[in-house]
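Heads up, the thing below is written out as C-alpha cells.
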Amino acid sequence: MVVSPRLPSLSSLFSPAISRRPSSLLRCHHHRVRRPVCSTSFSAQSTVSETNGRVDTQTQNSNRVVDRAVTPRSQDFNAWYLDVIEQAELADYGPVRGTMVIRPYGYAIWEAIQDYLNVKFKETGHSNMYFPQFIPYSFIEKEASHVEGFSPELAVVTIGGGKELEEKLVVRPTSETIVNHMFTQWIHSYRDLPLMVNQVRLFVTSTATHFNCHLKKLWINLWSYITSNLIQWANVTRWEMRTKPFVRTLEFLWQEGHTAHATPEEAEKEAIQMIDVYTKFAYEQTAIPVIAGRKSKVETFAGAVRTYTIEGMMGDRKALQAGTSHNLGQNFSRAFQTQFTDESGQRQHVWQTSWAVSTRFVGGIIMTHGDDTGLMLPPKIAPIQVVITPIWKKDDDREGVLNAASSVKEALQTAGIRVKLDDSDQRTPGWKFNFWEMKGVPLRIEIGPRDVSSQTVVICRRDVPGKQGKVFGISMEPSILEAHIKDKLDEIQSSLLEKAKSFRDCNIVDVSSYDELKVAISQGKWARGPWSASDEDELKVKEETGATIRCFPFEQPQDIKTCLMTGNPAEEVAIFAKCIKCVDAFSFFPYTYRYRDIVRDQWC
C-alpha cells in the first residue's frame, strides 16, 4: 500500500485543463493554426513542381488530409509546448496521474545527455553506482528532528508481500539520507576521502500489495573502491500537485552526484567544478546559453552553504533552472554523524556536495529552440542528425532511387553520422518532410530519379525554412558528401547557439532602480542590477512583480555599484526574472520544508 501524508485526491493532481483530457498528451482547446502534415499542398502533383519532377506514386488514400494541430508559440506558449511534445512523439501521460511515459524518441535525447555527461563525470574521476529506491521512514524522521516544521509529502509503502511492514518505506524523493547512512559505514579515515558518488538506475519490481513499481533497466557500475568518485543515475518520486511533461512530473529521471571531502575547500572546489561541467554541456551540446551563478540566500537549497545554478532563457523569456550544484557544508554529516579520523587522529565531520540535472533539460531544449513547425534539435543532441527521403514517380525508378539512398545512408553511417532512411511507401514525400521537420531532424537529404542520374542530392536545413535552406547538386561521392554534411551540422549547432544568445541578450535589461526593474519585468524581460538588499526586500520583489533572483552571475562588472533597492553599496549584480513553474531538482528534500511557507513560490 502506498500512502501520502495529507495526500490530495488524484483528481486534483493536475490542473483542470489536464484532468479534463481523457487520453493522449494534452491537446488544449485553444484557437489553433491547423498545420496539414499530409495534404493537397503536398500531393504528388504539387511535389512535381517543388522537386523538379521527383514525385511519389502513392494512392489518393495516402494523400488524404491529416491535420496535426500546433498552437503558434506567440499565441499560447504552454499549449505550443505540449503540442510539440505530442506531435514529435517525445512523451505521453502515464495511466497514473502526474506520471509521464517517455517515448523512444524522447528517451533517445535523454540517452544523448547521459552519454556526454557520463564521459565528463569519468574524466573528472567519478564512477557510477546505485542506491535503493526504498528508504526507511526512520531516516526521514531522523532528519526531521533537525528541521522545524518538517512535513514532506512523500509516497510511503506500508504493506509488502501481503503483510504490514515493520517499518514504513519512503519511495525515493532524493538520496541524501540513504547516501549519508552508507557514508557513515564507508568513511573512517582521511584515507577514505574524497568519496564521490553518482547513482545509476536499477530495474525494480515490488510485490507489495497495491504497489508495483517497474523501473527502466540500465547497466550498473558497481562501487569498487572507497576513494572512487561516485555518481547515481536514478528515478525519483515526488507527489506533485501540478505537472508539466519533462519539467515537473510525479516521477522523473535524473543524475545525482554526492561527494564527501576532508576540507571545506575541497567541497567548494567540487561544487564549482560540477556547475562548470553543466555549463559546458549546456553550451556545447544543447546550444542553450545558460547563465551560471550563485543563488541568493532565499533561493539556496535549505541545508546547503551555497547553491550554484545554470539559468536558461526559454522562448517565452521565462527562466528555467537547468541544473544545480550544492555545497552542503557539514549539515548532513552532522545529522548522520558521518565522521572520519584526520591525520592528527582527531574525529571530524566530512564536508559534502550534491549536484544534479534531470530530464528537465529535454524540456529546456524544446522551449529554447522549437518553432511553430515543431521541435528543432541541435545536431549534437539529436537522435537522428540526417533523414534521407527518396522520391520517385514511376515504379521503374523506385529501385534505382532506393539503391542510391541506401548507398548514401551507408556512407554517412560509416562516417559516424546518425542517419535515418525513410523508405516507407505509405506516405508521400510531403508528409515525410513535415513529419521529420516536426521531430526536429537537423538535415534532410532528398534523392529523386534526376539526382540519381546526376549523382547528386538535395540538402535541406531544418533551421532555415524554405528555399533559403535548400542546396541543390551536392555530389554523392562519399568524401564530398560527408564533408558537406559535417560542415552543415556544425553550422546548425553554432547557428542555434548564436540565435539563442542573441535572443537572451536582447531580453536582459540593465536596471539601476526598483522602478526600472518593475518596468523590465512587466515587459517580460530579465532585469540585471546591483543588489545588496535584505531577504525581506527580495521577497517583496517576488510579491510585487512575480520575479525572483535567478542568480548572482559568476561574470560580474568591475565598476562600483549601488543597490537598486536601498541605494547602499553593492558588490554584485543579480538577475531577476519570472520562471517556468517547476520544482528545483533538490527542493523536495526535507530541509526545504523549514522555509516552505515563505518561499514555496520561489521553488523553480
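Could you list which residues have their amide H under 5 Å from that of residue 554, counting only those 5 or more apart in sequence or on another chain, with H placed in the peptide plane?
Here the answer is 292, 293, 294, since their amide H atoms fall under 5 Å of that of residue 554.
With θ set to phi - 60° and the Karplus curve 6.51 cos²θ - 1.76 cosθ + 1.60, what are the ³J(HN,Hα) couplings of the stretch 526-533 in order, to the nearest whole Hz, using x for Gly and Pro?
So the Karplus estimates, Gly and Pro as x, are 8, 10, 10, x, x, 8, 9, 6 Hz.
At most 11 other Cβ atoms within 10 Å and a DSSP loop assignment: could you name the GluC sites (Glu not before Pro) in the stretch 330-428 that fit?
Answer in residue order: 343.
So if I take the centroid of the Cα atoms in the stretch 402-453 and the same for the stretch 240-290, what is the distance between those two points in Å?
If we compute the Cα centre of each part, the gap is 36 Å.
Expressed in nm to one decimal, what extension gain is obtained for the pair residue 410 and residue 480 from 0.36 nm per residue of sequence separation less their Cα-Cα distance?
23.8 nm
Tell me, what HN-Hα J-couplings in whole Hz come from the Karplus equation 6.51 cos²θ - 1.76 cosθ + 1.60 at θ = phi - 60° for each residue of the stretch 113-121, using x for Gly and Pro?
5, 4, 4, 5, 5, 4, 4, 5, 4
Tell me the net charge near residue 565. Cut-off is 10 Å between Cβ atoms, residue 565 excluded, with +1 for each Lys or Arg and -1 for each Asp or Glu.
Cβ neighbours under 10 Å give a net charge of -1.
Kirkwood Rh, Cα Rg: Rg to Rh for the stretch 508-577?
0.92
Taking amide H positions as placed 1.01 Å from N in the peptide plane, with prolines and chain starts having none, which residues 5 or more places from residue 91, or on another chain, fall under 5 Å of its amide H?
For residue 91, whose amide H was placed from the backbone, the distant partners under 5 Å are 103.
Using the heavy atoms of the protein chains and a 1.4 angstrom probe, tell me the accessible area per residue for the stretch 461-512 in square angstrom.
57
Using the Cα atoms of the stretch 386-488, I'd like the radius of gyration and the largest Cα-Cα distance, Dmax, both in angstrom.
Using the Cα atoms of the stretch 386-488, the pair Rg, Dmax is 12.6, 35 Å.
D for the stretch 312-363, whole µm²/s, Stokes-Einstein with Kirkwood Rh over alpha-carbon pairs at 25 °C and 0.890 mPa s: what number?
This corresponds to a translational diffusion coefficient of 177 µm²/s.
Keeping all protein chains in place, calculate the accessible area per residue for the stretch 268-413 (probe 1.4 angstrom), answer in Å².
Here the per-residue accessible area is 31 Å².
Give the carbon-plus-sulfur fraction of the accessible surface of the stretch 508-577 in %, rounded to a whole number; probe 1.4 Å, heavy atoms of protein chains only.
Its accessible area is 47 percent carbon and sulfur atoms.
Round to the nearest 0.05 the FRET efficiency obtained for residue 96 and residue 455 when R0 = 51 Å and r is the Cβ-Cβ distance.
0.40
At a 10 angstrom cut-off on C-beta neighbours, averaged per residue, how do the peptides 501-508, 443-450 rank from highest to lowest?
Order by mean packing, descending: 443-450, 501-508.
Checking the a/c ratio against 1.5 first, then a/b against b/c, what shape does the Cα gyration tensor give for the stretch 408-457?
oblate
In nm, to one decimal, how far is the residue 164 label point from the residue 507 one, both placed 7 Å along Cα→Cβ?
Result: 5.5 nm between the two label points.
Which order do peptides 562-575, 297-310 fall in by mean Cβ count within 10 Å, highest first?
297-310, 562-575
If I model a spin label as a point 7 Å beyond the Cα along the Cα-Cβ vector, how far apart are those points for residue 515 and residue 559 in nm?
2.0
Apply the Karplus curve 6.51 cos²θ - 1.76 cosθ + 1.60, θ = phi - 60°, to the phi angles in the stretch 232-238 and return the couplings in whole Hz, x for Gly and Pro.
10, 9, 8, 9, 10, 10, 9
Quickly rank 84-97, 347-360 as a protection proxy: mean count of other C-beta atoms within 10 Å, highest first.
347-360, 84-97
The values are calculated or read from the model by the stated rules, or taken from the named source; none is laboratory data. As the structure is a computational prediction, the values presented were derived from the model and not from experiment. Because the Cβ atoms are built from the backbone with ideal geometry, glycine has one as well, and the counts that use them run over all protein chains shown. Ligands, DNA and RNA are excluded from the accessible area calculation, which covers all protein heavy atoms including side chains. Shrake-Rupley method; radii C 1.70, N 1.55, O 1.52, S 1.80 Å.
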